[in-house]
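Engineer: Pasting a structure here, questions to come.
The values are calculated or read from the model by the stated rules, or taken from the named source; none is laboratory data. Since this is a predicted model, take the numbers as computed values, not measurements. No Cβ is skipped: glycine too gets one built from the backbone with ideal geometry, and neighbour counts run over all protein chains shown. When the accessible area is computed, the model is the full protein with side chains, heavy atoms only, and any ligands, DNA or RNA have been set aside. Shrake-Rupley method; radii C 1.70, N 1.55, O 1.52, S 1.80 Å.
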Amino acid sequence: MDGTWNTIVEPFRVKSVEPLRFTTRAERAAALEVAGWNLFGLAAHDVIIDLLTDSGTAAMSTDQWAALMRGDESYAGSESFARFETVVRDLTGFTHVIPTHQGRAAERILFQATTSAGDVVVNNTHFDTTRANVEFQGAEARDLLCAEGDDLQLVAPFKGNLDVDALEATIAAVGAGRMPLVMVTVTNNSGGGQPVSLANLRAVRAVCDRHGVPLFLDAARFAENAWFVRLREPGQADRTAREIAEEMFRLADGCTISLKKDGLGNIGGVLALDDGDVAERCRNLLILTEGFPTYGGLAGRDLEALAQGLLEVTDHDYLAYRVRTAEYLAELAWAAGVPTIRPPGGHAVYLDAAALLPHIPAHELPAQALACELYLEGGVRGVEIGTLMFGRPSPDGPDSAAPHELVRLALPRRVYTQSHVDYVGEVIARVAARADSIRGYRVVSQPEWLRHFTARLEPLTEETP
Ligand SMILES: *Cc1c(COP(=O)(O)O)cnc(C)c1O
């Protein structure tokens, strides 16, 4: 479709439907209480529109479903692996293609094979599993995001860029010998899904070359990044997203990809790289926990569906629909007076709960309060990215605050239509209209690590001290 229509015409029609279950407010209030006011504790069938994550939640195409039937489940040397390997090689240009069950398994294997205690790994922003896998090796995971990326409201085209001067300074201070690799996450998931420019990747490449440090991409959303490059980077408008993606990968020495994102799959990941020695170490680690190198924890049919998904995801009609949908949801939030991270990312809209609920201090979890209200109002499930996720409990005082209080509404790929998004916009508007009366929460019980997944909470009332 050319860009002159207001309607977002989804570039697919529906062949198989999955019914939504509409709940009443009373049912949702009861479900939320049982879940300890933690949206991760809800049964999915109590959710009407599920925007918890865009990971593994994509709808597969007819060609992907057809490809499943071709799955060759041979233990070694299956045809499905050969097809997957060819597709990944054509896209990335990397020689060695190592399938894994999801992205973090690729990360675990890569860092175990390359990184030791005392090393420093640099990234624009480490995704949480990436950080955990670096730290598990006893190394330091250091974020060097460009300054623009820290300013939520600033509108700039490439807020995911890595700070190249800071990279130079880090290499000078740490020494290239203690830096096993530099990673760039495209798009920058933890920084609001903001893209990285080709110019930035080229500059990082040049620094890495000068110091002999390999460059890896964390490429979960490589197609969305390529689309933003086409839209926003001077001189790129006439290239296809596929050509841009191919160039991004060819600027690197290897990549990890969670194929639950732009692989359009429900499960899967891949590690791909050029260095034969590192690849051999990785394959040996793969065999230990994931499986034989021609399936790596996946069924042959998964490899088929992913190979097909990787061919579909750079389609321009799909990417235009995808990115426009996120932008459209952000516009609905703005119209309701709710600020978001700007510009909207490719995969999600991040509502700024601190701005909407200034009367709730960080330790009373304003973003969790907003996330709960969106669920109560309309059965919409998002995820808190604020003090519940990143604050630290303190024994004799309020929790330390996270840098921002956000609710992420992530869009599953090819799952919801514009009318679903309109409904989410209505829910946001109704909640925003009564923002002044929304109260905070307190944590009743929590585990020591990653508390946001399983903590139990309680709403604060007038009487709660
Ligand atoms: C999802 C994600 C990962 C981890 O992948 P999983 O498939 O969830 O294990 C790593 N990096 C980024 C940027 C991601 O979005």
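Engineer: Restricting attention to the stretch 135-149, does a residue exist that is out of contact with any strand residue (DSSP E or B) (no Cβ under 8 Å at 6 or more places or on another chain), closer than 25 Å to Met389 by Cα, buried (at least 23 other Cβ atoms within 10 Å of the Cβ) and not basic (Lys, Arg)? Reasoning before the result, please.
Structural biologist: First, the residues of the stretch 135-149 that are out of contact with any strand residue (DSSP E or B) (no Cβ under 8 Å at 6 or more places or on another chain): 136-138, 147-148.
With closer than 25 Å to Met389 by Cα added as a condition, the list becomes 136-138, 147-148.
Among the residues that remain, those that are also buried (at least 23 other Cβ atoms within 10 Å of the Cβ) are: none.
No, the stretch 135-149 contains no residue that is out of contact with any strand residue (DSSP E or B) (no Cβ under 8 Å at 6 or more places or on another chain), closer than 25 Å to Met389 by Cα, buried (at least 23 other Cβ atoms within 10 Å of the Cβ) and not basic (Lys, Arg).
Engineer: Out of (1) more than 15 Å from the ligand (Cβ to nearest atom); (2) in a loop (DSSP other than H, G, I, E, B); (3) more than 17 Å from Phe84 (Cβ to Cβ), what's the single condition that is false for Arg324?
Structural biologist: Result: Arg324 passes all but (2).
Engineer: Something else: What number goes with the only condition from (1) away from the ligand (no atom under 16 Å from the Cβ); (2) touching a helix residue (DSSP H, G or I) at 6+ places or on another chain (Cβ under 8 Å); (3) assigned to a helix (DSSP H, G or I); (4) closer than 29 Å to Trp227 by Cβ that Ile171 does not pass?
Structural biologist: Condition (4) is where Ile171 drops out.
Engineer: Can you pull out the residues in the stretch 342-360 that are in contact (Cβ under 8 Å) with a residue 60 or more places away in the chain and among the hydrophobic types (A, V, I, L, M, F, W, C)?
Structural biologist: Ala348, Val349, Leu351, Leu356, Leu357, Ile360
Engineer: Out of the stretch 275-307, which residues are within 26 Å of the chain's Cα centre (by Cα) and β-branched (Val, Ile, Thr)?
Structural biologist: Thr289, the sole residue that qualifies.
Engineer: Follow-up question, since we're still on this one. When the stretch 174-214 is examined, which residues are found to be more than 16 Å from the ligand (Cβ to nearest atom), more than 22 Å from Asp274 (Cα to Cα) and either outside the structural domain of Thr115 (by TED's automatic domain parsing) or not in a helix (DSSP H, G or I) (or both)?
Structural biologist: First pass over the stretch 174-214, keeping only residues more than 16 Å from the ligand (Cβ to nearest atom): 174-180, 197-200, 202-214.
Those still in the list that are more than 22 Å from Asp274 (Cα to Cα) too: 174-175, 197, 199.
Selection gives Gly175, Ser197.
Engineer: Go over the candidates Leu288, Leu251 one by one and state the one that is without any contact (Cβ under 8 Å) to a residue 40 or more places away in the chain, away from the ligand (no atom under 16 Å from the Cβ) and not assigned by TED's automatic domain parsing to the domain that holds Leu374.
Structural biologist: Numbers: Leu251 fails: without any contact (Cβ under 8 Å) to a residue 40 or more places away in the chain.
Result: Leu288 is the single residue among Leu288, Leu251 that is without any contact (Cβ under 8 Å) to a residue 40 or more places away in the chain, away from the ligand (no atom under 16 Å from the Cβ) and not assigned by TED's automatic domain parsing to the domain that holds Leu374.
Engineer: Among the residues that make up the stretch 321-341, is at least one of them assigned by TED's automatic domain parsing to the domain that holds Asp262, without any contact (Cβ under 8 Å) to a residue 40 or more places away in the chain and not polar (S, T, N, Q)?
Structural biologist: Filtering the stretch 321-341 for residues assigned by TED's automatic domain parsing to the domain that holds Asp262 gives none.
No.
Engineer: Just need a number here: residues in the stretch 220-279 that are open to solvent by 50 Å² or more (accessible area, probe 1.4 Å), outside any helix (DSSP H, G or I) and among the aliphatic types (A, V, I, L, M).
Structural biologist: Of the residues in the stretch 220-279, 2 are open to solvent by 50 Å² or more (accessible area, probe 1.4 Å), outside any helix (DSSP H, G or I) and among the aliphatic types (A, V, I, L, M).
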